[in-house]
Structure formats: structure tokens, C-alpha cells
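A short worksheet on the structure shown next.
The values are calculated or read from the model by the stated rules, or taken from the named source; none is laboratory data. This is a predicted model, so every value here is computed, not measured. Cβ atoms come from the backbone with ideal geometry, glycine included; neighbour counts cover every protein chain shown.
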Amino acid sequence: MDNEFLIKGAKIIDGTGKDILEDVCMVVEEGKIKYIGKEKEFGDAKEIEVLDMTGKTIMPGMINSHVHILMEPIGDPFGLMTGESEAKTVIRGINNLKKHLKSGVTYFRDMGGYHFLDIELKNAIEEGFVEGPNFLASGKVITMTGGHGWQMGREVNGADDVRKGTREQLKAGADVIKIMATGGVMTKGVEPGSPQLTFEEIKVAVEEAHKAGKKTASHAQGTQGIKNAVLAGIDSIEHGIFLNDEIIELMLKKGTYLVPTLVAPHFIIENGVEAGIPVHAVEKSKRVMSSHFESFRKAKEAGVKIAMGTDAGTPFNLHDKSAWELKLMAEAAMTNMEAIVSATKTASELLGVDKTHGTLETGKVADFIVLNENPIENIDTLLDISEVYKNGVLVKS
Ligand SMILES: [Zn+2]
């Protein structure tokens, strides 16, 4: 049959967290995984193209749970995006999609678009006229007037307005609702620690999204805001800088995911004011960095579900550097395998695409990457990926 091939010789990390598979082959047919197992037990006698990948390691394409595909990771991305034509913003988005794909990200979740251009871009991929990872789009972020990300968001005030704002995103085709429970690093004059949308407001957004069968994510950095979001039933906490034991308990009880985005402050501090990052963003990042890592460690040790996300598009958080997040998570608290699972199986579960994506198992979509080394031994090999397959098609070699 056409579009069928058998890969042999490679080690396989299937993304489930199980031990690495050796002496097995993987058969791909029509973009799906047809078989993983011993070659001699693969019953098909017919001619099939064989790819010998001896010495390589294969794993699922990475899933990045927190991306801003329209944003350029320069010092002040908001300023640029809100001051240019929509056509140019979309062209940048197309360019950024390629960067994610070629660096091994085959699925992602956008966490804040602009003028619904994110939704247009997502549809263009599904229709097949733009190349890139599949992704979930959130439309405009739901934020209070003057709240974090207001430049690109839908400003809301009071429960009725939140309901209306949330319904507007769903009407426009959003797959997930993103809300702002606290201030953040990038918006001038707002504090990462301060609560923003109220518990009642968040609850309404969650209710509207869940009614429509969609998930919710909250930008949440300060303790009170995180608690509000978790209690309101949010599906994932983004950043989670100031967690405490009580919140970690609550997250475990409610099954709330954490998307740490450790690379976001990391790259802001690495590059600094000299690179054009606003002073307020650099100073706030420096203040929160150690709490951020500490919260991540505590959550991980307690068993909170952690999905990989980078916040790509924020200053110097490049669209082809998702692997850095795995590297930082592994340095801080995870084994290399745990970091990989957070970027494959766990992220697919958070996105709700685990029936088709996230792991290499029979019947799933053949989105996978080929590595020169075994990432369990050297996670840096993810920074320089050899090949990327999307839907069983080689898209980077
Ligand atoms: Zn973000």
C-alpha cells in the first residue's frame, strides 16, 4: 500500500512513561501507527519500504501546552503586535508555525491570540493550506479592564460580562478559554502576585466553557488568584509561580494541571534590559524566578499533573526552543523521562487529544521525532532534532 513504511533499528520512547523499547519496529500506514513490536511478529508479508534507523531514538512529537503563535519573541511583543497590520501578524504566525514544527513540536495550544487571527490560522492548518503543528486556539484572553494582557484580550467586568465575553470566544471558534486570574510580568503596572478576575467571574467563564465541552486555562501567578481559579474549577494553572501546600492539595483533589513555563522568566533574565525588554518585565522576572522553580518542585513532588508549556512568543522565548523547557524541568526536579512524558502523554491529556495524539501506540497519529541520541541519557539531543514526521510525512530532515 502507498504511504506505508517500517522503521527498524531505532530505540522507541512511546511517551507513556514505560521503559524504552529496543529491538522493535514501528509500521506507519496512511499517517497512522499500524504496528509497534517485534519485526518477525509483524504478519504482513507484502512489500514495504524499510527505513533503517539504527542508532537513533524515536519519540512522539512534543506537545507545547502554552504558545503565543502570533507573537514575535522580541523585547516588547505586545507593542509590536498591536501596532501592525493583521496581514503582517498572520504572516508572522505562519512563519512561527514552521519553527515549532521543525523543532519537533507537532501539536500545541495557543494561549492568547489577537483579533481571532489564531483561530483563522488553526483553520488554515486543518484545511491543509498552511504547514504546521495542529493546535488548539483560545481566541482573546478574558481579562479585567486593564488586567494582564488587556492589549490583546477581551476586557470584562462582572459576571454577566464574563459570560458574554466567554460566549463570544466560543462563537468565534475557540477550542479553549483562557482567563487571567492574576497580574503578570509583561503588562506594565500590574503585579504578578495580585488577584485580578474574581472567584465569581472565573466561575462563570469555567461554567460557560464546560457547558460547551471546552476546557479552561488560567494565567495565575499569585497565591490568592491561583486558589480562586482552582476552586472555580479551572482545568490548568499556567505559570503557578506562588503555589503553597494548600493549593497543591486542592490541585491534587480537583485534578488541576500545572503548566509551569519555566523558560519564560529564564529567557527574560538571560537577555535583560540590554536586549530591549522593558525594565518592569526584567525586574518582576528576577523577583519571581526562585519562587517559580520552588513551586514547580513542590508540585512535582506532590504528584500534581504537569504539562509542558513554554509561553513561546514572550521576550526571547523563541518558537523553536520548546526543548529548553524540558531541559529546565529536568534540571529542577524531573527525570528526563518525566520531562518527556509531560511533553507527550500528559500534555495530550490536558489538551483532550490523547485518543489520537501524544503517545506512539497502535492506531494513533504518526507524529514523531527522530533523535541522534537517547534523550534519557542526554536531554540536550532534543535541542537538535534529526527528523520530524507529521501525520506520517517527513517534514524536517
Ligand atoms: Zn502566555
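Data overview
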| read-out | value |
| --- | --- |
| Filtered residue count, segment 50-68, keeping only those that are among the β-branched types (Val, Ile, Thr), closer than 21 Å to LYS215 by Cβ and more than 11 Å from the ligand (Cβ to nearest atom) | 1 |
| Selection within segment 222-249 - within 16 Å of the ligand (Cβ to nearest atom), on the phi < 0 side of the Ramachandran plot and in contact with a strand residue (DSSP E or B) (Cβ under 6 Å, 6 or more places away or on another chain) | GLY222, GLY225, ILE226, ALA229, ILE234, ASP235, SER236, ILE237, GLU238 |
| Criterion (in the same structural domain as GLU201 (by TED's automatic domain parsing), at pLDDT 95 or above and not in a loop (DSSP other than H, G, I, E, B)) met by exactly one of VAL230, VAL282, VAL304 | VAL230 |
| Residue in segment 131-172 that is farthest from the ligand (Cβ to nearest atom), counting only those that are assigned to a loop (DSSP other than H, G, I, E, B) and either over 20 Å from the mean Cα position of the chain (by Cα) or not assigned by TED's automatic domain parsing to the domain that holds PHE199 (or both) | GLY158 |
| First in segment 202-224 and assigned to a strand (DSSP E or B), second anywhere and surrounded by fewer than 20 Cβ atoms within 10 Å (Cβ to Cβ), Cβ under 7 Å, 6 or more apart | LYS215/GLY352 |
| Selection from segment 237-249 of residues that are surrounded by fewer than 24 Cβ atoms within 10 Å (Cβ to Cβ) and in a loop (DSSP other than H, G, I, E, B) | PHE242, ASN244 |
| Qualifying residue in segment 187-197 (condition: closer than 26 Å to THR314 by Cα, crowded, with 22+ Cβ neighbours inside 10 Å and within 13 Å of the ligand (Cβ to nearest atom)) | yes |
| Residue in segment 250-266 that is nearest to the ligand (Cβ to nearest atom), counting only those that are without any contact (Cβ under 8 Å) to a residue 60 or more places away in the chain and not in a loop (DSSP other than H, G, I, E, B) | LEU258 |
| Extreme residue, farthest from VAL259 (Cα to Cα), among residues of segment 215-236 that are crowded, with 24+ Cβ neighbours inside 10 Å and among the polar types (S, T, N, Q) | ASN228 |
